[in-house]
Structure formats: C-alpha cells, structure tokens
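K.L.:
Following this message is one structure expressed as structure tokens.
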Amino acid sequence: MNNNKVLELVRKFLNFSIKRNGHDRILDKVNIISAENGKCIAEMVVEKQHTNSYGTLHGGFTATVVDVLSSIAVLTHPRVVEDIDSAPNSGVSVDIHISYLNSAKIGDRVVINSETVKLGRTLAFLKVTLLRKDDNVILAQGSHTKFVG
C-alpha cells in the first residue's frame, strides 16, 4: 500500500479515536507526521491540558501516548497494513512499561517516535520514545506488548 494512503488511514484511525469522546480525546493536539513500515512519528506542543499539578507533562498522558501511538505503529507493519482499510485491529495490550526520564513544560515541542520491534504470530513488541524537539532530550521511553493473534 502506498505510504500516503497509510498515513491518511492512520490519521483517520486517530481522529476516530479522538472523536468518539472517550479517553483518547486528550490526543487531539497530536499530529502524525509519518507512518510506514511498522513505525509512526508524531509531534505535539505541550499545552495546559497535557500537564500535571506541577505544570509538566502528565505521566498519564505520556502513558496514553505510548499506548495509542505504538498501536498505530503496529497497524503500519507490512504484515498488518493490508487490512487497515477494512478492519483496523491493533490488538489488545498485555503489558506497558514507561520510564520517565525528564520533564516537559507548557510550550515545549515533543516528537514521539513509535516502532514495531518485533511482530510475532500472536504478540507485537513495540517501543516509543518521547523527545523534546528543541534539544533532543529524551523525556520518556515506553515499551508495549500487544496480543495481536
């Protein structure tokens, strides 16, 4: 499938998740830049709605980013992408782990790199890194295992 078509479809997938007005609506400021070959790159600017009581990027928001954007990355894997047009299914979470390494404040630009490390018969192993765009400081690293069988 053509890369522009994949990018369009994963953007629709994210927008659907946001517009159904559940928890994922908090991702409305995340912009997917590229999505192909089991990888997804997105960007966002930290706004008040993304912060905790200390005014820095909220850990729960970061966990949601790891969950959803790694799920989008697996949808772009060559073994999965052919079904994305009809019935996108990124599986269900088995394990999520996040290491919070640095903080980001309101106004910071964040790059989110998600990738499919391995896609087996029943499990997908995914990795997500959040970086502050201006200085490439790693804010958080996440790993996500999904049942995809």
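K.L.:
So what is the relative contact order for the chain, in percent, with contacts set as C-alpha pairs under 8 Å and at least six apart?
P.N.:
In percent, rounded to a whole number, it is 23.
K.L.:
Once you charge only the Cβ atoms, +1 for Lys and Arg and -1 for Asp and Glu, what is the size of the charge dipole of the stretch 61-149 about its Cα centre, to the nearest 20 debye?
P.N.:
So the dipole magnitude of the stretch 61-149 works out to roughly 180 debye.
K.L.:
Taking the Cα centre of the chain as origin, work out the dipole magnitude from +1 charges on Lys and Arg Cβ and -1 charges on Asp and Glu Cβ, in debye rounded to 20.
P.N.:
That gives the chain a dipole magnitude of about 100 debye.
K.L.:
Moving on to the next point. Kindly write out, for the stretch 132-148 in residue order, the coupling ³J(HN,Hα) from the Karplus curve 6.51 cos²θ - 1.76 cosθ + 1.60 (θ = phi - 60°), rounded to whole Hz, with x marking Gly and Pro.
P.N.:
Running phi through 6.51 cos²θ - 1.76 cosθ + 1.60 with θ = phi - 60° gives 6, 5, 5, 10, 6, 6, 6, 8, 7, 10, x, 10, 9, 10, 10, 7, 10 Hz.
K.L.:
Here's something else I'd like to know. Relative contact order, percent, of the stretch 12-94 when contacts are C-alpha pairs under 8 Å separated by at least 6 residues?
P.N.:
Relative CO of the stretch 12-94 lands at 24 percent.
K.L.:
Explain nothing, just the number: relative contact order of the stretch 1-41, from Cα pairs under 8 Å at least 6 residues apart, as a whole percent.
P.N.:
The normalised contact order for the stretch 1-41 reaches 38 percent.
K.L.:
In the chain, carbon and sulfur make up what percent of the accessible area (probe 1.4 Å)?
P.N.:
About 48 percent, which is the carbon plus sulfur part of the accessible surface.
K.L.:
If you don't mind, another one. Any idea which of G22, A42, V110 is furthest toward the positive side of the dipole for the chain, if Lys and Arg beta-carbons carry +1 and Asp and Glu beta-carbons -1?
P.N.:
G22
K.L.:
Apply the Karplus parameterisation 6.51 cos²θ - 1.76 cosθ + 1.60, with θ equal to phi minus 60°, to every residue of the stretch 28-36 and state each ³J(HN,Hα) to the nearest whole Hz, in sequence, with x for glycine and proline.
P.N.:
5, 9, 8, 10, 7, 8, 8, 7, 6
K.L.:
Related question: In deg cm²/dmol and to the nearest 500, what is the mean residue ellipticity at 222 nm of the chain if only DSSP H runs of at least 4 residues count, each as -39500 (n - 2.57), divided by the residue total?
P.N.:
That calculation yields -7500 deg cm²/dmol at 222 nm.
K.L.:
Give, as a single signed number, the net charge of other residues whose beta carbon lies under 9 Å from the beta carbon of I106, with Lys and Arg counted +1 and Asp and Glu -1.
P.N.:
It works out to a net charge of 0.
K.L.:
Right, another one. Tell me which of G120, V148, N31 sits at the most positive position along the dipole axis of the chain, charges placed on C-beta atoms (Lys, Arg +1; Asp, Glu -1).
P.N.:
Value computed over the given set: V148.
K.L.:
A further question on this structure: What's the percent breakdown of Cα-Cα distances in the chain across 5 Å bins, shortest bin first?
P.N.:
2, 10, 21, 23, 21, 13, 7, 3, 0
The values are calculated or read from the model by the stated rules, or taken from the named source; none is laboratory data. A quick note: this is a predicted structure, and the numbers were derived from the prediction, not measured. Quick reminder, even Gly has a Cβ in these numbers, built from the backbone with ideal geometry, and neighbours come from all protein chains shown. Side chains included, ligands, DNA and RNA excluded: accessible areas come from the protein's heavy atoms. Shrake-Rupley method; radii C 1.70, N 1.55, O 1.52, S 1.80 Å.
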